[in-house]
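Okay, structure first, notes after.
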Amino acid sequence: MEILLKGLRLLNPYQDLDITSDILIRDGVIEKIEKIDSSKFPEAKVYDLDGKICVPGLYDMHVHLREPGREDKETVISGSNSAAAGGFTGIACMPNTDPAIDSAEVVRFIIDRSKDHLVDVNPIGAVTKGRKGEALAPMLELTDAGAVGFSDDGTAVKTASILRNALEYSKMADAPIIEHCEDESLAGGAMNESFVSTELGLPSIPTVAEDLIVMRGILMAEYTGGKIHIAHISSKRSVELVRDAKQRGIDVTAEAAPHHFTLTDESVRAFDTNYKMNPPLREQKDVDAIIEGLQDGTIDCIASDHAPHTIEEKEMEYIYAPNGIVGLETQLALTLTELYHSGKLTLEQVIEKLSINPRKILNLELPKIQVGEKANLTILDLEHKFKFAVKSSKSRSKNTPFDGREFNGKAIAVINNSQIYFESKFINI
Amino acid sequence: MGLSSKHLLGLNGVPKEDIQLILDTAITFREVLDRPIKKVPTLQGQTIVNLFFENSTRTRLSFELAEKRLSADTMNFTKSGSSAAKGESFKDTVRNIEAMKVDMIVCRHESAGIPNYLTQISNAKIINAGDGLHEHPTQGLLDMYSIREKVGKLEGLNICIVGDIAHSRVALSNIYGLKTMGANVSVCGPTTMIPRKLEELGVKVYHNIDKAMAENDVLNVLRIQLERDAGALIPSVREYHNYFGITEERIEKNNPNILIMHPGPINRGVELSSEVADGASQIILNQVTNGVAIRMAVLYLLGSKN
């Protein structure tokens with residue numbers, strides 16, 4: 001089958017590509033990139049996309065899919081649908097499922113669930129068996145089964161000694177250790193420690209709980225030569241630590257979640273549990289530092305930390321409610337509205353952070369907009385103004401602080417694995 | 001003229017006129033408590049539920065008595081720990097109770113913010129009887145009432161709250177209320193017991209009890225939680241007493257006229273020496289009586305509001 005995309009601006013900084021052209025895709029592969037007369041391809045389904053922007057398919061390296069174990073919150077399929085609706089053609093899913101992704105069977109189970117989907121799902125394996133922090137998970141087996149990185153996300157790797165071994169061993173798998181940076185003895189609070197937590201009387205998590213584990217990861221990566229990736233960085237000091245480490249040539253990368261560059265702990269004043277996440281919302285100086293880190297490349301990518309929870313769970317008392325918000329369908333819109341349209345990031349930077357860099361960190365093949373390549377594309381409309389309504393979200397969970405927020409810019413279509421998602425429908429192409 | 005809000009969630013942001021009105025109204029009810037027949041028909045026909053999700057004897061008894069003195073119909077609901085762990089969500093619990101047609105809910109909960117949440121899921125008037133480490137407004141009001149009763153004013157008075165400020169809802173409510181009323185508020189305690197950036201509330205911080213005593217007219221001394229604090233926040237109760245405990249000797253040396261208050265229950269020999277506790281017992285017990293009057297005033301003012 002053929003589809004013809006008309007009038008696109010093709011943009012991929014990885015290829016130094018920025019041209020205006022039509023694209024013909026046949027059986028999921030890019031067949032032509034040139035000015036195309038649609039009358040010559042009467043069989044092709046034509047999409048008139050004048051002025052829209054075609055970029056390599058977006059990738060979110062930090063997603064919680066909840067399957068196996070909590071399919072009431074999210075499944076591989078519902079999460080993938082949400083990813084497609086949010087403009088993503090690939091996601092990496094975190095191993096804090098039940099059972100944890102600590103065996104080849106679970107990796108294969110997830111990949112099998114996603115095999116007919118437009119969205120690529122790459123499991124992240126656990127660093128330790130059962131994420132208990134005691135014995136290393138079978139990293140080589142996990143990698144062979146399809147895992148692309150390792151993390152005990154939800155908590156940091158329990159001890160420095162296990163982290164050391166994990167960084168050494170994972171070199172053989174050529175995959176990064178993704179650290180949830182939080183010192184266990186300082187953890188357990190319900191919000192950031194600040195003037196606001198003092199006023200609200202909520203138990204709090206200080207930024208130094210994050211900074212300590214960021215520093216530990218950096219030092220250990222330096223010592224072992226292993227590869228560490230800092231998940232959902234949220235504190236100013238942590239951004240500085242990563243910047244310094246990169247300057248010293250240490251193999252460290254970092255990601256930031258959209259809520260950490262758009263919201264502060266002032267939002268917690270309403271005691272709405274949709275503002276409860278871990279790391280917690282920090283102060284304005286931290287938000288500013290994250291934006292600066294994204295601008296100067298200290299922070300390599302943007303990742304949602306999509307964390308679905310049921311309404312019943314989120315409606316609990318603030319100190320008992322679980323951490324996290326869904327983010328796949330607001331991530332791109334927040335990035336375009338808050339960072340691109342405000343002039344803080346260029347469109348090229350946005351593409352690097354939402355498509356190129358996360359795949360580089362996980363050693364995944366980079367999609368190219370080139371004749372003969374598989375079509376793995378996201379089509380952006382930068383001037384599409386809309387009001388986000390969580391009730392129409394494809395995720396099984398609705399826990400978001402962004403319901404009703406006005407955005408400017410969204411993905412109107414994604415193409416991958418011989419399918420297109422357009423106007424809320426998947427079509428085989 | 002009534003209160004500006006239909007709830008009492010905390011003292012943060014409550015206007016001076018409202019606090020003044022509650023304190024003045026409490027004077028009348030305080031007199032009622034000294035009568036042979038201590039009951040008035042003010043809230044007859046109103047139903048109040050005391051929703052206590054955390055252990056409390058004194059505050060609950062005080063509220064219950066205040067409600068009975070006002071002739072309200074009262075119900076008690078006591079439950080501890082996470083509601084979900086017990087099988088019914090907090091929201092369902094509250095909705096069920098409210099379906100019995102209650103006018104006011106008095107709530108104590110270990111999670112900060114629960115009273116605010118109650119205003120969203122219920123139509124009843126909400127009174128916060130302590131939420132996590134956030135606020136305990138009626139305790140703050142009764143402390144202010146007791147100080148005013150004893151000294152005659154709050155404005156311009158130097159008042160220091162002593163103890164574990166970081167883990168005290170009483171301290172925060174006192175700070176908010178007293179500052180609104182024009183008092184100079186300070187706190188004194190070991191560095192580990194002072195919450196971050198407290199100074200931003202316009203509060204002076206002492207780590208030396210002698211200095212705090214010399215520079216203040218009133219000390220409101222908080223209870224040290226023996227089980228929680230010793231070993232983690234302070235090395236030992238003995239060391240706390242030696243460096244922060246209020247003794248006769250310290251009073252004599254620093255400020256013989258200082259007024260010592262305590263929201264109770266007292267750990268004798270820890271935050272107060274036994275002699276000081278006995279010497280201050282009149283005002284400390286008076287705080288308890290005033291607590292009933294303050295709660296009557298709050299219930300009356302909210303209950304008579306449409």
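The values are calculated or read from the model by the stated rules, or taken from the named source; none is laboratory data. All values derive from a computational prediction rather than experimental measurement. As a convention, Cβ positions derive from the backbone with ideal geometry for all residues, glycine included, and neighbour counts pool all protein chains shown. Note: areas computed on protein heavy atoms with side chains; ligands, DNA, RNA excluded. Shrake-Rupley method; radii C 1.70, N 1.55, O 1.52, S 1.80 Å.
Summary table below
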| quantity | calculated |
| --- | --- |
| Residues of segment A:306-347 that turn out to be of a type in the set (V, I, T), assigned to a helix (DSSP H, G or I) and within 13 Å of the chain's Cα centre (by Cα), as a count | 1 |
| Selected residue [away from chain B (no Cβ under 14 Å) and touching an Asp or Glu at 6+ places or on another chain (Cβ under 7 Å)] from A:S355, A:S393 | A:S393 |
| Count of residues meeting criterion [within 14 Å of chain A (Cβ to nearest Cβ), in contact with a Lys or Arg (Cβ under 9 Å, 6 or more places away or on another chain) and not charged (D, E, K, R)] in segment B:141-167 | 2 |
| Options A:T273, A:T310, A:T298; residue that is farther than 20 Å from A:R237 by Cβ and either surrounded by 24 or more Cβ atoms within 10 Å (Cβ to Cβ) or not assigned by TED's automatic domain parsing to the domain that holds A:G201 (or both) | A:T273 |
| Number of the condition not met by B:P265 [criteria: (1) touching a residue at least 60 places away in the same chain (Cβ under 8 Å); (2) touching a Ser or Thr at 6+ places or on another chain (Cβ under 9 Å); (3) surrounded by fewer than 19 Cβ atoms within 10 Å (Cβ to Cβ)] | (2) |
| Residue in segment A:231-242 that is within 14 Å of chain B (Cβ to nearest Cβ) and among the hydroxyl-bearing types (S, T, Y) present | no |
| Residues located in segment B:258-280, provided they are outside any loop (DSSP other than H, G, I, E, B) and of a type in the set (S, T, N, Q) | B:S274 |
| Residues (over 16 Å from B:S146 (Cβ atoms) and open to solvent by less than 70 Å² (accessible area, probe 1.4 Å)) located in segment B:21-36 | B:L21, B:V32 |
| Residue that is surrounded by the most Cβ atoms within 10 Å (Cβ to Cβ), among those in segment A:357-392 that are touching a helix residue (DSSP H, G or I) at 6+ places or on another chain (Cβ under 9 Å) and assigned to a loop (DSSP other than H, G, I, E, B) | A:P367 |
| Any hit, segment A:219-236, residues being touching a residue at least 12 places away in the same chain (Cβ under 8 Å), assigned to a loop (DSSP other than H, G, I, E, B), polar (S, T, N, Q) and surrounded by 23 or more Cβ atoms within 10 Å (Cβ to Cβ) | yes |
| Among the residues listed as A:G188, A:G201, the single one being modelled with pLDDT under 95, open to solvent by less than 50 Å² (accessible area, probe 1.4 Å) and not aliphatic (A, V, I, L, M) | A:G201 |
| Evaluation of B:G45 against (1) within 17 Å of the chain's Cα centre (by Cα); (2) over 28 Å from B:I266 (Cα atoms); (3) of a type in the set (G, A, S) (one fails), failing number | (1) |
| Residue list for segment A:317-339, restricted to those being free of Cβ contacts under 8 Å to residues at least 60 places away in the same chain, within 14 Å of chain B (Cβ to nearest Cβ) and open to solvent by 10 Å² or more (accessible area, probe 1.4 Å) | A:Y320, A:P322 |
| Condition met for B:N55 (in contact with a strand residue (DSSP E or B) (Cβ under 9 Å, 6 or more places away or on another chain), part of a loop (DSSP other than H, G, I, E, B), open to solvent by 20 Å² or more (accessible area, probe 1.4 Å) and away from every other protein chain (no Cβ under 14 Å)) | yes |
| Filter result for the condition that a residue is loosely packed, with under 13 Cβ neighbours inside 10 Å, over 18 Å from the mean Cα position of the chain (by Cα) and at pLDDT below 95, over B:A232, B:A277 | B:A232 |
| Top-ranked residue in segment A:250-285 [being assigned to a helix (DSSP H, G or I) and within 20 Å of the chain's Cα centre (by Cα); ranked as farthest from A:G217 (Cα to Cα)] | A:N274 |
| Options A:G7, A:G87: the member that is open to solvent by less than 60 Å² (accessible area, probe 1.4 Å) and out of contact with any helix residue (DSSP H, G or I) (no Cβ under 7 Å at 6 or more places or on another chain) | A:G7 |
| Residue in segment A:39-62 that is within 16 Å of A:P95 (Cβ to Cβ), open to solvent by less than 70 Å² (accessible area, probe 1.4 Å), in a loop (DSSP other than H, G, I, E, B) and in contact (Cβ under 8 Å) with a residue 12 or more places away in the chain present | no |
| Scan of segment B:90-128 for residues that are within 11 Å of another protein chain (Cβ to nearest Cβ), surrounded by fewer than 21 Cβ atoms within 10 Å (Cβ to Cβ) and touching a helix residue (DSSP H, G or I) at 6+ places or on another chain (Cβ under 6 Å), ordered by number | B:K91, B:I121 |
| Unique residue being assigned to a helix (DSSP H, G or I), aliphatic (A, V, I, L, M) and either surrounded by fewer than 19 Cβ atoms within 10 Å (Cβ to Cβ) or on the phi > 0 side of the Ramachandran plot (or both) when the list is B:I251, B:I283 | B:I283 |
| Leading residue by the ranking (farthest from the other protein chains (Cβ to nearest Cβ)) among those in segment B:129-140 that are under 25 Å from B:E98 (Cβ atoms) and not hydroxyl-bearing (S, T, Y) | B:A129 |
| Pairs with Cβ under 6 Å, 6+ apart, first in segment A:360-372 and among the basic types (K, R), second outside any loop (DSSP other than H, G, I, E, B) | A:K368/A:Q15 |
| Hits in segment A:393-417 - residues which are part of a strand (DSSP E or B) and surrounded by 19 or more Cβ atoms within 10 Å (Cβ to Cβ) | A:F407, A:G409, A:K410, A:A411, A:A413, A:V414, A:I415, A:N416 |
